[in-house]
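Heads up, the thing below is written out as structure tokens.
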Amino acid sequence: MPDWNAAQYLTFQTERTQPALDLAGRVRHYLPVKKALDVGCGPGNSTQVLFERFPAAKIIGIDNSPNMIESAKLAYPHLQFSLCDASRDLAAMGGGFDLVFSNACIQWVPNHHKLLREMLGLLNPGGMLAVQTPMNHEEPIHKIILEVAVRPEWAEKIAVQRIFYNLTPGEYYDLLAEISSEFSVWQTIYFHKMRSHEDIIAWYRSTGLRPYLNSLRDDEKPDFENDILKELRNAYPEQANGEIIFRFPRLFFTAVR
């Protein structure tokens, strides 16, 4: 699969960074963070959030995308970034972390029962795991993408569909109760302001649309996006000022080793 595009991802940098700010704000203030790991750091914006919250800590950002890591190193040369596939190579990070942080990453990683155990295993006793993952697979945008992708004109061209690896909130609750000594789970629904329906396409082009667009030729991609756009106009009505409310639920949890 082609690499991620950091520039496209950062088109909505403010909106994508806000959940990282909100999650970092819930890391308990009395936790002495000397060493932190940002799992799925992307272009480094979430790693910078940790640096601003814990300026004395050694902070390492990891991602499996060379493009994202290269962009992060250029944007934040004062921080440390490394290539690492969280689905296979977390153990290579060693351990001794006071905080393992992950913003909008684990939805791409399979087997969360294994993943969360491994993330907690990187922590010192008393250290905290802090995670945010989009929980928006029931939102109109995703239903529309799936509906368009299975139409006869696209079904034979699109070889794969997006897999959502997230558990349900209840399943996360049971898992965290089993593997941690203290935990919290909560959800926030963000109402992002989009200037147009085309902005929703631009948002998803760098994330949820990637598996579908990567199956198409370059000359086919605009037609596929236009078919989605037609449905978006019905599902997301314009407000009085012409803007669009883009509803985006996200699940958060913290857990202590």
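The values are calculated or read from the model by the stated rules, or taken from the named source; none is laboratory data. Remember, it's a predicted structure, so these values are computed and weren't measured experimentally. Neighbour counts are summed over all protein chains in view; Cβ atoms, including those assigned to glycine, are modelled from backbone coordinates with ideal geometry.
Key figures
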| quantity | calculated |
| --- | --- |
| Selection status of THR207, closer than 25 Å to GLN18 by Cα, surrounded by 13 or more Cβ atoms within 10 Å (Cβ to Cβ), of a type outside the set (A, V, I, L, M, F, W, C) and within 21 Å of the chain's Cα centre (by Cα) | yes |
| Per-region count, the range 54-68, residues of a type outside the set (S, T, N, Q), in contact with a helix residue (DSSP H, G or I) (Cβ under 9 Å, 6 or more places away or on another chain) and farther than 25 Å from ARG117 by Cα | 1 |
| Verdict on GLU182 being touching a residue at least 40 places away in the same chain (Cβ under 8 Å) and out of contact with any Phe, Trp or Tyr (no Cβ under 6 Å at 6 or more places or on another chain) | yes |
| Counted residues, the range 134-166 - those being touching a strand residue (DSSP E or B) at 6+ places or on another chain (Cβ under 7 Å) and polar (S, T, N, Q) | 2 |
| Answer from MET128, MET93, MET135 - the residue that is touching a Pro at 6+ places or on another chain (Cβ under 7 Å) and among the aliphatic types (A, V, I, L, M) | MET135 |
| Close pairs (7 angstrom Cβ cut-off, 6 or more residues apart or separate chains): surrounded by fewer than 15 Cβ atoms within 10 Å (Cβ to Cβ) in the range 11-27, of a type outside the set (A, V, I, L, M) anywhere | GLN13/ASN45 |
| Test: residue in the range 136-150 that is under 30 Å from ALA240 (Cα atoms), touching a His at 6+ places or on another chain (Cβ under 8 Å) and surrounded by 13 or more Cβ atoms within 10 Å (Cβ to Cβ) | yes |
| Tally, over the range 197-223, of residues that are within 24 Å of ALA104 (Cβ to Cβ) and not hydroxyl-bearing (Ser, Thr, Tyr) | 15 |
| Checking ASP89 against (1) at pLDDT below 95; (2) under 24 Å from ILE179 (Cα atoms); (3) in contact with a Lys or Arg (Cβ under 9 Å, 6 or more places away or on another chain); (4) of a type in the set (Asp, Glu), the condition it does not meet | (3) |
| Restricting the range 128-155 to residues that are in a strand (DSSP E or B) and within 18 Å of the chain's Cα centre (by Cα), the residue that is farthest from ARG257 (Cα to Cα) | PRO134 |
| Enumeration of residues in the range 118-142 that are of a type in the set (A, V, I, L, M, F, W, C), farther than 11 Å from SER180 by Cβ and in contact with a Phe, Trp or Tyr (Cβ under 7 Å, 6 or more places away or on another chain) | LEU122, ALA130, VAL131, ILE141 |
| Within the range 30-127, strands (runs of 3 or more DSSP E) holding 2 or more residues that are surrounded by 19 or more Cβ atoms within 10 Å (Cβ to Cβ) and touching a residue at least 24 places away in the same chain (Cβ under 8 Å) | 35-39, 58-63, 97-103 |
| Failed item in (1) out of contact with any Gly (no Cβ under 8 Å at 6 or more places or on another chain); (2) closer than 30 Å to ILE179 by Cβ, with VAL256 passing the rest | (1) |
| Filter pass, ASP174 being touching a strand residue (DSSP E or B) at 6+ places or on another chain (Cβ under 9 Å) and among the acidic types (Asp, Glu) | no |
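Results for (1) surrounded by fewer than 17 Cβ atoms within 10 Å (Cβ to Cβ); (2) farther than 22 Å from GLY42 by Cα, shown as yes or no for each residue.
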position: GLU220; (1), (2): yes, yes
position: ILE228; (1), (2): no, yes
position: ARG233; (1), (2): yes, yes
position: PHE248; (1), (2): no, no
position: LEU251; (1), (2): no, no
position: ARG257; (1), (2): no, yes
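Conditions tested, residue by residue: (1) surrounded by 12 or more Cβ atoms within 10 Å (Cβ to Cβ); (2) farther than 29 Å from ILE245 by Cβ; (3) without any contact (Cβ under 8 Å) to a residue 60 or more places away in the chain.
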| site | (1), (2), (3) |
| --- | --- |
| GLU153 | no, yes, yes |
| VAL160 | no, yes, yes |
| ASN166 | yes, no, no |
| PRO169 | yes, no, no |
| THR188 | yes, no, no |
| PHE191 | no, no, yes |
